[in-house]
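Asks: Questions regarding the structure given below will be posed in turn.
We did not get these values from a lab; they are worked out from the coordinates using the rules stated. These figures come from a predicted structure and were not determined experimentally. Virtual Cβ from ideal backbone geometry, glycine too; neighbours counted across all protein chains shown.
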Amino acid sequence: MRRTHDAVIIGAGPAGTSAALALARRGWAVAIVEKSVFPRRKVCGEYISASNLTLLDRLGIGDAWRAEAGPEIRRVGLFSGDACIEAPMPGAKPALAARGGFGRALGRDILDTLLLGAARSAGAQVFQPCRAVAIERDGDCQAVRIQPTGGNSRDVAAVLRAPVIVAAHGSWEPGPLPSQLVKKSRPSDLLGFKAHFTGSSLPPDLMPLLTFPGGYGGMVVADHGRMSISCCIRRDMLARLRGSLACERGGHVSAAEAVEHHIRATCRGARDALVEARLYGPWLAAGPIRPGIRAGYERDIFRVGNAAGESHPIIAEGISMALQSGWLLAQELGEAAEGQAGREAAGRRYEAVWRRSFATRILAAEAIARIALGPGGAALMQAVVCNFPPALTLGARLSGKTKPVPGLADARLARG
C-alpha cells in the first residue's frame, strides 16, 4: 500500500520524536518508522541537562519526566585511579531555575516511550516495529519502503511518500539507506557499553566522569533507584582484556564481563559505588561511536541526532543534542517555502543553527576525550582537577549544560 505524508521520520529516539512532535503541532502529517518494540533499553548515559527542561515542557512530557526521573544532579566528579574529586554542577539560568535548576537522568526505556506516546497523541502515525529499507525519488517526493520486523503480522510492507525525510536512526547501525554510515572495524574504535545497577552507594546528586586505561565512562543515579553506568573502551584494549581475563579464569569471558572487571579493578570510586550493587538486567553493547559533524541536509534527507553529528559521550550531552536538533529542524522546516528550493534553503539554515548550537561542545568533547585516552592522559586530568576542582564545573558549563535552547518563544510550537 502507499501512503502520503508531509514528513517521514526514521527512528523514534529523542531526536526523531522531538521533530515529529514539533511538526505535528504545526499541522504536518507525520509518519514515524521505528524498528524496535518499546519499551527498550539503549546504550546511553541517560542524563538530561537542565537547559532542556523548558523544551520538555513544550514537547508535552515535562511533568511526566519530572515525575519519573532520578534526583537532581548537583555535583560533577572525576573518578580516576584512586582519585575521587567533586565540584558543583553549574545550575540552570535564572529563568529556568523555577522549574528545576539541575539536570536529572531517566532511563531510555521510559523516556523514549513518553516521547513516542506524546508524538502519537499529537497526530503522528507510528509504524512500529518496522524498518526503513530503501529511499527512492518519486517525483517531488521521496518514497520510503518499510518492512515489518520481528515477525510482526499486523502491518504489511508499505511505501510512505513525503517531500521531507528525517534520518533519526543514529550512527551506529549500518544499512542500505543513503543517510546511514558505512561501518568499518578499526583497532582504535570506541565501543559503547551500558548497564543498570540497584543498591549502588553512589551519592544520588553526583555524576562522576570515570577514566580508566583505554576508555572513559560515567555514572548517574537515574529513575526508580537504578544507577546507570555507561562507558566507551577501545576495541584493541577490550580484546586484550578479554584474552587476559580468559587466561586467568580458564574459560570464555564476555565483552561485558571484561569491561566491568576492568572498571572495578582500575577505578576506585566506581569500585566503591558497586560494592553492594546488583546488576539490573543485562549489559548492553553498541557502536563503534563515530564522533564528528556530518551533513545536516542532503537530497531532501535531513539528519538529526547522532546521524547529524556525534559528540564523544564523555560530556554526557547526547540526549540533549538529540532533543534539541529535532526541535531546531522543525523550526526551520516550519518556515520553509514550498518546493525543492524552499527545502534546500531550510536545510542550509538548519545546518547553520545546528553548528552554532553544537559545534563547540563536540570540539570540547573531542579534546577532553583525547586527553583521557592518550598516554598519561588520566594522570594529567587527575593533576589538573586535584589542584583546581572548579575545572570540573567549568567543563560542565563548556559542554553546553547551561546553554538555552533556541526558538522556544515560538508560540506556534507551544504545548497543546
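Asks: Tell me the mean residue ellipticity at 222 nm calculated for the chain from its helices only (DSSP H runs of n ≥ 4, each -39500 (n - 2.57), averaged over every residue, nearest 500).
Replies: Result for the chain: -11000 deg cm²/dmol, rounded to the nearest 500.
Asks: Mind checking the angle between helix 255-266 and the chain's longest principal axis? C-alpha axes, 0 to 90 degrees, to the nearest 10.
Replies: 40 degrees
Asks: Could you work out how far helix 108-121 tilts from the main Cα principal axis of the chain, as a 0 to 90 degree angle to the nearest 10?
Replies: For 108-121 against the chain, the angle is about 20 degrees.
Asks: Using unit Cβ charges (K, R positive; D, E negative) and no other charged atoms, how large, in debye to the nearest 20, is the dipole of the chain about its Cα centre? Intermediate results must be reported in sequence, preceding the final value.
Replies: On the way: 52 positive and 36 negative charges, 55 e Å.
Computed charge dipole of the chain: roughly 260 debye.
Asks: In what order do E310, E136, E260, E344 fall by count of nearby beta-carbon atoms within 10 Å, going from fewest to most?
Replies: Details: E310 23, E136 11, E260 20, E344 15.
Result, fewest neighbours first: E136, E344, E260, E310.
Asks: Most exposed first by the Cβ proxy, i.e. fewest other Cβ within 10 Å, how do H262, H196 rank?
Replies: Sorted ascending by nearby Cβ count, the order is H262, H196.
Asks: Quick one: 3J(HN,Hα) in Hz for region 291-298, Karplus 6.51/-1.76/1.60 with θ = phi - 60°, rounded, Gly and Pro as x.
Replies: Karplus values, whole Hz, x for Gly and Pro: x, x, 10, 10, 5, x, 8, 8.
Asks: Could you tell me which label, among (i) 68, 57, 33; (ii) 61, 50, 45; (iii) 61, 52, 35, carries the value of Cα extents along the principal axes in Å calculated for this structure?
Replies: This structure yields the entry labelled (iii).
Asks: Most exposed first by the Cβ proxy, i.e. fewest other Cβ within 10 Å, how do E34, E173 rank?
Replies: E173, E34
Asks: Can you tell me what percent of all Cα-Cα pairs in region 23-148 are more than 21 Å apart?
Replies: 56 percent
Asks: Is the C-alpha gyration tensor of region 167-259 telling us rounded, prolate or oblate? Criteria: a/c under 1.5 is rounded; beyond that, a/b larger than b/c is prolate, otherwise oblate.
Replies: Oblate, because a/c is 1.5 or more while a/b does not exceed b/c.
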